[in-house]
Amino acid sequence: MVTHSRPVVCYSDVGGTFTDCFVVTESGEFALGKSPTTPEDIASGFMSALDMAREALGLEQREFLEGLEVVGYGATTVLNSVLTRKGGKPGLLITRGFEDLLLMERGKQSWVQLTRIDRIHPVVHRHQPPLIQRNWVRGISERVDSLGNEIIPLREEDVRESVRDLVKLGVDSIVVVYLWSFLDDSHEQRTKEIVLKELDALGVSEIPCFLSSEVSPTLRELPRANGTVIEAFSGPSTLRALERLESDLKAGGFTGDLQVMQSAGGLAPARHVRAIDTAMSGPVGGLVGTRTLGELYGFESLISTDVGGTSFDVGLVSNGFIGIDREPVLAGLLLSLPMMDVHSVGAGGGTISRIDELSGRLVVGPESAGSRPGPVCYGTGGTEPTVTDADLVLGYLNPRGLLNGKVSLDVLAAREAIRIKIAEPLGLSLEDAADGIRRVIDARMRETVTGLVSLRGSRLDDYVLLAFGGAGPGHVCGYTENLPLKGVLTFPYAAAFSAFGASTADYEHHYNRAVNVVVSPNADDEELLVAGKRISAAWERLEEQAIEQMALEGFDRESVMIKPLAMVRYGRQLNDLITPSPVVRCRTADDLRSVIAAFEELYARVFAKGAQFPQAGYEIFEVGLVAAARKVKPGFVRRPLEGDDASAALYESRPAYWNGEWSPTPRYRWEALRPGNIVQGPAVIEAPTTTLVLTPNRSATIDEYLSVWIGQQ
Amino acid sequence: MTMARRSLKDRLIESEELFRDTGVYESELTVKESDPVTFEVLFTRLLQTLTNAREVALSISASPSTREQGEIIFGLFTAEGDAVCLSTGLMIHVHTMSRAIKWMINNDYETKMGFREGDYFFNNDSFIGGGHPSDQMLMTPFFVDGELEGWIGGLTHVTETGAVEPGAMGSSFTSRFAEGLILPCMRIAADDELFYDFDVLVDRGVRSSISWLADNRAKLTGNLIIREKVKELLGEVGLDMYRKVCREYIEDTRRATHEKVRRSLFPGRYREVAWRGVTIKNLERLMHSPCELVVSREGRLSLSFEGLPSAQRQPFQATLPLFEGMLFNGLIQNIFYDLRYNDGTFLAIDLHVPYGSACNPDNIQLPTTLWGPAYGGMQACAQAVSRAYFAKGYREEVHASGPLTSGNLAGGKDQYGRHFGSQCFEFASSGMYATSFMDGLDTAFSDFNAEGDMGDAEIWEQQMPQVWLAREIRKDGGGFGKFRGGNGIHSLYMIPEGIEMEIGAFGSPPIFSTAGLMGGYPAAALRVWIGRGTDVQAQIEAGTPLPNTEGFDRSVPEFVDQVSAEWSCVLGQNVPTSSLEPYSLFSVVSGDGGGYGDPLLRAPIDIIRDVENGLSGVRVAADVYGVVVTKDARGNVGYDKEATDSLRAQHRRERLHRGVPAAEYKRIQRERVMAGDIPAPARAMYRDVMEISPIWADEFRTFWNLPEGFEVAE
């Protein structure tokens, strides 16, 4: 394809194995690039993927880069740094008495990443080595209490001695974590002043100091410490890598700022981003893309389902709002920072199936063969039958291979593995065994979807479901069968949907701030006014911070959208609900009542009416704010409908296994399908990077944007 | 003509008779054999549903023990009350909710109360089901075409029950009436709505009702989610299929349980014992939990606890439902973790617990709060399983004893001016046992809940107003060994200014309660230090660094040296709650794990790591491990190889010198038994056990070759 249209947005999603690149032109054309990730020098893999997309558009590099308005980037750099324990050498100053915090891991970090079976099998639990070794931790005499009052003054000589000591040991940054510092940060701030002064006196003023009240100002000392330590451990190298990448792009002709995807879903300029905020950006693109398509089609409530090699990731866009998980886990470390709420279970193309030795029952997952050794049919060393092997045996995947034949598939090996390891022990035919693997994995995905919707207090018939990821179109008919959804949608670019999604993100920042508001059950106007004032003051501070930050990034006040949030819970509850506030300030008692009413309405919807508990009163220990500004987005080309006849895309018929028998099955080239075409199941629709498996009772309708609507007969 | 519906009681009797007569729960697994895929798909959907419900309930709960420590479980039961499928969570309650449902059926609730859809029955009477009044279950029946087809149950552990002491788990209780509100299988909701008067009852009956009431809502919501989903599934597959697969899931697990035992454990008879005790006013007695495990060649497990002490007016004992729960919890963690555990696991095991013993009391007016020998019984059983694994060659599953549960309780008025009563559940992250290949994890495990989580101190300080001055890994707490036991937590609390509170603790008598294995040492014993009339306020004002550690000298902790106070030390950890004035200090420890193997075989590199991390002292390294630790000018820790070899050789020579041949040892000890030369708490135990169990008494006399009718001296 040679384009005459200027490329405007480019987004690269740097995964553990591959870097995907998605480019959109002014006229709405898409181009994809893919290249192996180069962890030692992210720019190299990034530029290779970019080149592939550029070549697909038939453009020269300078012409290509000069044309781009936005280059976005999402990476697992921080994750890799934490996983491999390759990073900086921070020292830690912590409230005296809590020096063992990182070694203790709250206990939970020794099992939080394990499977259901391993969690109740303690001999396989393990502590992880801490990011800061214990003898680089110093206790500082100081204490603030749970109301934010100082009860032990900061002992400044402790700080001075500790800094000198740590510098002698060779630290390259200093982290400060004090209890309750998110309520009153004066001890941490004073500590920073002393640290910087000491460092200056020691001639090492380049050593940075990170405060927990600045990096992660939220309740819970371990997640707050983890976030701050990760920023110190992985941040400097991550930010240096981003600088190098931006400079490479600029040298090639790009004139804008490199934008980085954040875990909470928005883009931010690489120069202004905090590494920890980018740590979990991987699954975010899919959700952002889902919301964007919702806007395109006019749907406010959507389910994103991403079927990859190892996991099935589900997220919800409800009434245009993407849920936020405030307690995510990164590489086994508990964090306290906003991340788009994505629910993952171990189910994907690489999921392994086996027969349980004790009961003789069929077990599918959660273990995965991953990309190495991979499914048996890849011929890369895998010996255990996987979901992909079952898809191949049943005739759904093209035996000539994936990626237009670049990845060959060994059908015989897949058949043999399923025959010996599944079919014979169960006394089933080869095909029924393979079909069984699919049914079990589809059932798990289905219950995950329906469970999440009910967990969030919603009804399936309010939602449109989007299926993507390399294996999404292959299983979407299975996991949505007979679900009363408003619609089911998938795409020819399903395998690169996350990169597409990220390219549609806005500029966004999330801010949180602790408050200490307890509202009694029968609060009068006076009590509400006092509480409301505190909340308003916190919102005001956050707004100032947001406006200042966005100004640095080039946005004036008018272009910034502000959404205030209150984290509300019933008295003494331990979990709060992020409640979008109906008012921007609580100036009257009724303003706060309206915030509480919004919480009550949300609570009844998310849980159940019977779970409401207003007689406990309310607590608001944190408020938040989202500041967003619009970014140039890919245009979607609307094409005229060309009739329902899809025969021009039909290229062959091969047998596939449906409902207990082999039947001739038409196979279509996805790129040849035209708007308006309808394909009746059973059928298989192939794209280079994905395959849509249309079961006998389903149909596929291509719409004006080349998206595919899956119907139920 | 319409057939009269059979009562639930008749159905239960029939089901139990079938099992008793045939030894199987369901004779034919026709669905599993004819359609193994559908069999699995349905189970997958049920399991995911229970898991989802648990997630929701966790978000609603107000109990730190539920939200932070995951003390919550949901289950699906047959109409007769047998558990079909369970979520993750508190494995102790795999069977205890089943017991409560059966109790209602056997006690004619069906005719006297009537069961209707939307009804919810609450129970925290641990003689009926559950572990102690803190364990609170909510059960709801569901119906198809007017017939009760099954039950859903949810259980959480709440931290306040309105007991004599705040925090529900006081060590001073001498009767059930001290344990707070105990409500046996009461209907507390109809049409899925909780009764207002029940909220009022709880609100006026306990110090702080929020966690109890919010947890009720959490369980109700979880049950509701499961009920709707199960009914949807039932609509898809039909009633006959649903009933059949439920019975098959239980039978399938029963068979798999036998198979797991047959493959994993070496057949034979294994005996172990664990120790507990009572230290309350006017009663000081050692208690033992002897466990005999018999593994048959066919994979049948039989457990006998003949020789348990008698039940008495003290809280260190348990009901039979709890003891069953503890045992199955231990067996699931140690052997059956990879099964689809349900009541099939329970049916696969023969259990003998003497009636009238401290794990099966014959008087429901006795307190059963703190479990005592039931916890020991689980530890002894786990040790026996470890030896059976070892004999079979599965070294990777072999481990020493897990930590003793301990903790602290408090009540009063909190910093927000609200009444509170709670227990601090940070002990859920105690020290783990050492295994045959690695050290036990520090602060990460408890036997009663494998998913150990101590919770953040900031969360606890919101719930209980004490201020942590230190929260550290206990030094040298884990049992010494080639692989050391995991260390528990040491916490030092300060009572803040302006707070009225009473505080206490529970644990065990001052004995080694956690055994080592294969030459490993037991874990350290527990203790509480209380400092009244301290100079802490003056020290704060003077800017002196406050204490932050227990230090390495167990006899006088560093904080005792650093703070002038009227100090008292309670060995063991049983301290009834009492008021403490502001700036008082209260130091508690959680349990540590037992060690594995000879400490002289421990790799010096592991000792260096512990010294570097501040977890072990130089004195212990030399005296116990025979390792001479060195430090260079930069503070780097190492060891002197030559001096170490020499010291280890010296330790071995001293051992030989101290050693006594087994026959000689037995002769000396027999003389002591004959002469009554045994500490008083142990004499009291032996006299009690020999009285309650003639079988055990005969065996004791035979082993020591004592005269017929011999009795231990008073």
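The values are calculated or read from the model by the stated rules, or taken from the named source; none is laboratory data. Worth saying up front: this structure is predicted, and the values here are computed from it rather than measured. All Cβ positions, even for glycine, are placed from backbone atoms using ideal geometry, and neighbour counts span all protein chains on display.
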With respect to A:V71, is the statement that it is touching a Cys at 6+ places or on another chain (Cβ under 7 Å) and touching a residue at least 24 places away in the same chain (Cβ under 8 Å) true? yes
Of B:Y665, B:Y639, which residue is more than 30 Å from A:R134 (Cα to Cα) and of a type in the set (F, W, Y)? B:Y665
Consider A:E193 carefully, then state whether it is among the charged types (D, E, K, R), surrounded by 16 or more Cβ atoms within 10 Å (Cβ to Cβ) and away from every other protein chain (no Cβ under 11 Å). no
Exclusive hit being in contact with a strand residue (DSSP E or B) (Cβ under 6 Å, 6 or more places away or on another chain) and crowded, with 20+ Cβ neighbours inside 10 Å, set A:G309, A:G315, A:G289: A:G315
Condition check: part of a loop (DSSP other than H, G, I, E, B) and either exposed (fewer than 12 other Cβ atoms within 10 Å of the Cβ) or assigned by TED's automatic domain parsing to the domain that holds B:G481 (or both). Does B:R634 satisfy that? yes
Helices (runs of 4 or more DSSP H) wholly inside segment B:176-275 that include at least 3 residues being under 25 Å from A:R444 (Cβ atoms), touching a residue at least 24 places away in the same chain (Cβ under 8 Å) and within 13 Å of another protein chain (Cβ to nearest Cβ): B:210-237, B:239-264
So B:W567, is it more than 14 Å from chain A (Cβ to nearest Cβ) and under 23 Å from A:E99 (Cα atoms): no
Take residues that are out of contact with any Gly (no Cβ under 9 Å at 6 or more places or on another chain) and within 23 Å of A:V144 (Cα to Cα) and tell me which of the strands (runs of 3 or more DSSP E) falling wholly in segment B:469-547 contain 2 or more. B:489-494, B:527-532
Among (1) at the interface with chain A (Cβ under 9 Å from one of its Cβ atoms); (2) over 26 Å from B:L409 (Cβ atoms); (3) part of a helix (DSSP H, G or I), where does B:T66 come up short? (2)
Please enumerate the residues belonging to segment B:341-369 that are surrounded by 23 or more Cβ atoms within 10 Å (Cβ to Cβ), out of contact with any strand residue (DSSP E or B) (no Cβ under 6 Å at 6 or more places or on another chain) and either of a type in the set (A, V, I, L, M) or within 14 Å of chain A (Cβ to nearest Cβ) (or both). B:Y341, B:G344, B:T345, B:A348, B:A358
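Listed here are the residues, each with its yes/no results for (1) touching a residue at least 24 places away in the same chain (Cβ under 8 Å); (2) within 20 Å of the chain's Cα centre (by Cα); (3) within 14 Å of another protein chain (Cβ to nearest Cβ).
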residue: A:D306; (1), (2), (3): yes, yes, no
residue: A:G309; (1), (2), (3): yes, yes, no
residue: A:M339; (1), (2), (3): yes, yes, no
residue: A:L358; (1), (2), (3): no, no, yes
residue: A:C377; (1), (2), (3): yes, no, no
residue: A:V407; (1), (2), (3): yes, no, no
So which residues in segment A:125-149 are touching a residue at least 24 places away in the same chain (Cβ under 8 Å), within 9 Å of chain B (Cβ to nearest Cβ), in a loop (DSSP other than H, G, I, E, B) and not polar (S, T, N, Q), if there are any at all? A:H127, A:D145, A:L147
Quick check: anything in segment A:239-257 touching a Pro at 6+ places or on another chain (Cβ under 8 Å), outside any helix (DSSP H, G or I) and surrounded by fewer than 24 Cβ atoms within 10 Å (Cβ to Cβ)? yes
Yes or no: A:V440 under 27 Å from A:S663 (Cα atoms), β-branched (V, I, T), touching a helix residue (DSSP H, G or I) at 6+ places or on another chain (Cβ under 8 Å) and in contact (Cβ under 8 Å) with a residue 60 or more places away in the chain? yes
So in segment A:537-593, with the set limited to residues that are of a type in the set (K, R) and surrounded by fewer than 20 Cβ atoms within 10 Å (Cβ to Cβ), which one is nearest to the chain's Cα centre (by Cα)? A:K563
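Listed here are the residues, each with its yes/no results for (1) within 30 Å of A:L267 (Cα to Cα); (2) at pLDDT 90 or above.
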site: A:G74; (1), (2): yes, no
site: A:P90; (1), (2): yes, yes
site: A:R106; (1), (2): no, yes
site: A:L114; (1), (2): no, no
site: A:I120; (1), (2): no, yes
site: A:V124; (1), (2): no, yes
site: A:V137; (1), (2): no, yes
Mind listing whichever residues of segment B:468-507 are over 27 Å from A:F98 (Cβ atoms) and away from chain A (no Cβ under 14 Å)? B:G481, B:K482
So, in segment B:233-274, exactly how many residues are over 30 Å from A:L483 (Cα atoms), surrounded by fewer than 23 Cβ atoms within 10 Å (Cβ to Cβ) and in contact with a strand residue (DSSP E or B) (Cβ under 8 Å, 6 or more places away or on another chain)? 7
For B:M454, indicate whether it is of a type outside the set (D, E, K, R), under 23 Å from A:T218 (Cβ atoms), within 17 Å of the chain's Cα centre (by Cα) and facing another protein chain (nearest Cβ under 7 Å). yes
